[in-house]
Each structure stands twice: as structure tokens, then as C-alpha cells.
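Heads up, the thing below is written out as C-alpha cells.
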Amino acid sequence: MATGFSFAIRAEDGGARTGEISTPHGVVETPAFMPVATYGAVRGVSAPELRAAGAQILLGNTYHLEERPGSELVAEHGGLHGFTGWRGPWLTDSGGYQVTSLAGRSRLDEDGVTFESSIDGSRRQLTPESAIAIQERLGSDIAMVLDECQPNGTDPTATAGLRAAAERTRRWAERSARARRRADQALFGIVQGGTDLTLRRASAQAIAALGFEGYAHGGLGLGEQPAMRADLVAETNAVLPAASPRYLMGIGYPPDLVDAIAAGIDLFDCVIPTRHARHGVLFTREGVVKLRNTRFRRDTAPPDPDCDCATCAEHSRGYLRHLLRVNDTLGARLASVHNLRFYLRLLEEARGAIRAGRFAALREEIRALPVR
Ligand SMILES: [Zn+2]
């Protein structure tokens with residue numbers, strides 16, 4: 001167990017649980033949503049604004065930060081906590097997903113992933129060991145192991161590919177655990193296996209046997225049906241140690257979040273609230289508001305009359321629509337603040353509902369929202 005890291009469950013309601021992850025840089029009340037700060041910032045939103053919106057922990061992308069400005073430079077500034085305005089807890093991903101999906105041509109073998117830098121085209125390699133070393137320089141409170149994520153498929157050859165990826169992920173997890181040097185950084189293992197429940201359960205067992213501080217569900221959100229994903233997560237959680245935090249990576253819409261919370265998930269991250277905000281799509285408890293729609297031109301109402309965020313306190317839908325139309329970055333900024341508050345408040349409500357033993361009612365309400 002990493003120094004300064006612990007997880008305590010405070011209340012349970014069915015499969016849902018609420019608790020606290022303690023890190024060297026503060027406590028995270030769970031279930032929690034992590035805004036995505038790709039290059040060490042949630043695009044356009046300052047650390048004080050994130051705090052005001054209720055953020056407790058941010059996610060930084062290792063691949064992007066290593067490309068620019070580089071983990072060595074971040075380390076010179078005292079890691080992410082010293083370099084950025086966010087002094088609270090940080091989680092970093094391993095960079096594997098971005099390397100295989102965003103970088104130039106990438107090739108994966110037992111050693112790691114070789115890819116072309118998107119900055120200068122040079123050939124680079126990301127291995128389980130280098131992913132740990134980079135994250136240790138970034139100084140995040142929670143690091144993730146390098147894993148191999150295979151697209152989901154239904155034909156037998158795809159199953160063989162998924163099995164090979166899950167097995168390689170286990171071997172890489174072992175190497176990641178051995179590569180650790182920092183005592184003050186937690187490390188989470190990742191479950192793979194696509195949409196094959198047998199594979200996912202076997203992967204969960206093998207990863208749990210290695211004894212990480214927390215566990216993540218990888219390789220989901222790649223086109224599978226939400227109901228199927230919720231089942232996979234619930235069934236796989238039954239195999240993972242109940243006393244460790246569980247993280248569903250990269251998911252999702254509000255109904256996906258409440259389904260996953262019901263299945264026992266404690267941590268989330270997703271680009272949906274900020275990406276949708278930049279496109280003028282706002283989340284509200286009535287459904288989504290698409291600001292590009294002409295009917296909002298004369299709308300003097302706040303983006304969400306039920307919302308307590310700084311954007312909704314001072315601005316109208318008509319004004320936000322105007323800012324987005326003239327491409328003023330303030331429009332994207334204000335919309336991001338609102339959408340983040342919507343997500344973070346939903347998680348606050350979920351924690352309260354679990355403590356009060358009425359999470360099922362909140363889940364039904366959110367599942368009924370037309371927000372996809
Ligand atoms: Zn708002």
C-alpha cells in the first residue's frame with residue numbers, strides 16, 4: 001500500500017457505495033467524477049473555478065504531458081501539483097490508450113508500444129516501465145498501469161485477440177508493479193477482456209492477485225450497448241476486492257454513471273461534459289439544451305434554472321448561444337463550467353442518496369433523462 005493512500009467505505013445502498021479515498025494531496029469523496037485535464041488543465045477552466053464547481057481530483061493524460069512539456073520539466077516544477085494551479089489529488093493515465101489511438105503509426109509487441117511522436121515524428125517507445133517512470137515524474141497521486149486495449153468484436157478470432165490482450169495486460173501489470181520506485185503514489189491495475197464476461201472475470205482475478213491499491217475497467221465504451229456494459233461491470237466487480245476503489249475509465253453519459261454506481265463503481269472520468277460544452281450542448285435535469293438551435297436566440301433563461309453554478313447565476317442561454325456563434329472562447333468556458341457542475345453535482349447527489357438509502361430513486365430519475 002502506498003504511503004498516504006487509503007480507501008474507506010462509509011455507506012452502502014444495494015451495490016452502490018460511498019466512501020473516501022485519502023491521498024497525500026487530499027481526500028476524494030466517492031463515487032467521484034474526475035474532470036479531464038489533458039495537458040494539466042481542463043481546457044479554459046481555472047483551478048479555482050474547478051474547485052467552485054465541486055471538483056476533488058483531476059485526470060492528466062500522460063501521453064500528452066510527455067509530448068508537451070515533458071515529464072522532466074513538470075518534475076522540475078514540483079510535479080503536477082507544483083506546475084499547475086491544482087494542488088489537490090491527481091490521477092494520471094498510462095498513456096497507452098492515446099499512443100495507440102492518437103499518435104502516428106504505432107506497433108505493439110511484448111516489450112511495449114512503439115509510435116511516432118505527433119510533435120516531431122520521431123520514433124518513441126512506451127513500455128510498462130517507462131509509463132511508470134513518466135507518471136512518477138509527473139507526481140500524480142494515482143498512477144495507472146500500461147494495458148493493451150483491443151476493440152470489441154464478436155467473431156472467434158476477435159475473442160482470441162481479446163484473450164491475448166488480457167493476458168499481455170496481466171504480464172505488463174506485473175512489470176509495472178516491479179517498476180515502482182515512489183512510495184507516495186498509488187497504482188491501479190486494469191481489467192481487460194472486451195465484452196467477453198468469462199475473459200473479464202479471469203482478467204479481474206489475475207490482476208487482483210497482483211495486489212494493486214485500486215482496479216479499473218478498461219476497454220469499455222467502444223460501442224457496446226450500455227445495458228451490456230452495466231452487466232459486465234457488475235459481474236466483474238464481484239471478482240475484484242470489495243475493499244479497493246474501482247474505476248470505470250472514460251465513461252460516460254449521466255445514465256451510464258448512475259448504472260455504474262449501482263454496480264459498485266467509485267471513480268469516473270469522461271471528456272463528454274467539456275467536449276459537449278465546446279459544441280454548445282448543455283446538460284440539464286430536463287435533458288440537453290443545444291444552444292446552436294435558433295429557438296434559444298431570444299431565451300433569457302439561465303442555461304439550467306435548477307443549477308447553482310457561476311455560469312447559470314449570471315448568464316442567459318441567448319447570450320451563451322451568441323458567444324458560441326461568434327467563437328468567443330468565453331462561450332466554451334462558461335458552458336464547460338456549467339456542464340462540469342452538472343456532473344459533479346450529480347455525483348454529490350449520488351453520495352447523499354447512498355447515505356440516505358434512496359439511491360434507486362435517483363438512479364431511476366437520471367436513467368429517464370433524454371441526454372444521449
Ligand atoms: Zn449551471
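Key figures for this structure:
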read-out	value
Probe 1.4 Å, protein heavy atoms only - accessible area per residue of region 218-372 in square angstrom	43
Dipole-positive endmost among 187, 247, 161 within region 147-263 (Cβ charges, Cα centre)	187
Two-site label geometry, residue 295 and residue 224: point separation in nm, points 7 Å out along Cα→Cβ	3.7
Amide H contacts under 5 Å for residue 30, placed H, 5+ residues apart	19, 20, 21
Carbon + sulfur, % of accessible area of the chain - ligands and nucleic acids excluded, 1.4 Å	48
Proportion of all alpha-carbon pairs of region 306-372 beyond 19 Å (%)	46
Other-chain or far-sequence residues with amide H under 5 Å of residue 284's (modelled H)	289
Cβ charges +1 (Lys, Arg) and -1 (Asp, Glu), total dipole of the chain, debye	840
Surface accessible to a 1.4 Å probe, per residue, for the residues of region 46-134, Å²	42
Neighbour net charge for residue 306 - beta-carbon separation under 15 angstrom, K R +1, D E -1	-2
Rh by Kirkwood over Cα pairs, then Stokes-Einstein D for region 30-164 at 1.002 mPa s and 20 °C, µm²/s	135
Heavy-atom SASA rank of 25, 217, 279 (probe 1.4 Å, accessible area, largest first)	279, 25, 217
Taking all pairs of distinct alpha-carbon atoms in the chain, Kirkwood radius in angstrom	21.0
Per residue value of the accessible surface for region 158-209 (all protein chains in place, 1.4 Å probe), Å²	40
DSSP bridge orientation in the chain - percent antiparallel, rounded to nearest 5	55
For region 4-78, size of Cβ-based charge dipole, Lys and Arg +1, Asp and Glu -1, in debye	160
Listed residue (262, 289, 172) projecting farthest to the positive dipole end of region 148-298, Cβ model	289
Given charges at beta-carbon only (K, R positive; D, E negative), |dipole| of region 170-283 in Debye	580
Nearest-10 value in Å² for the accessible area of residue 149, using the 1.4 Å probe	50
For region 222-229, Karplus couplings with θ = phi - 60° (6.51, -1.76, 1.60), whole Hz, Gly/Pro x	10, x, 6, 5, x, 5, 5, 4
Relative contact order (%) - criterion: Cα under 8 Å, at least six apart; region: the chain	17
Whole-number D in µm² s⁻¹ for region 133-181, Kirkwood Cα-pair radius fed into Stokes-Einstein, 25 °C, 0.890 mPa s	199
Extreme residue, positive dipole direction of region 50-119, given options 90, 117, 102 (C-beta unit charges)	90
DSSP-assigned coil residues among trypsin sites (Lys or Arg not before Pro) in region 59-156, each with at most 12 further Cβ atoms within 10 Å	105
9 Å beta-carbon shell around residue 5, net charge (K/R +1, D/E -1)	-3
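The values are calculated or read from the model by the stated rules, or taken from the named source; none is laboratory data. Because the structure is a prediction, the values reported are computed rather than measured. Reconstructed Cβ throughout: ideal geometry from the backbone, glycine too, with neighbour counts over all protein chains shown. These area figures cover heavy atoms from the full protein model, side chains too; ligands, DNA and RNA do not enter into them. Shrake-Rupley method; radii C 1.70, N 1.55, O 1.52, S 1.80 Å.
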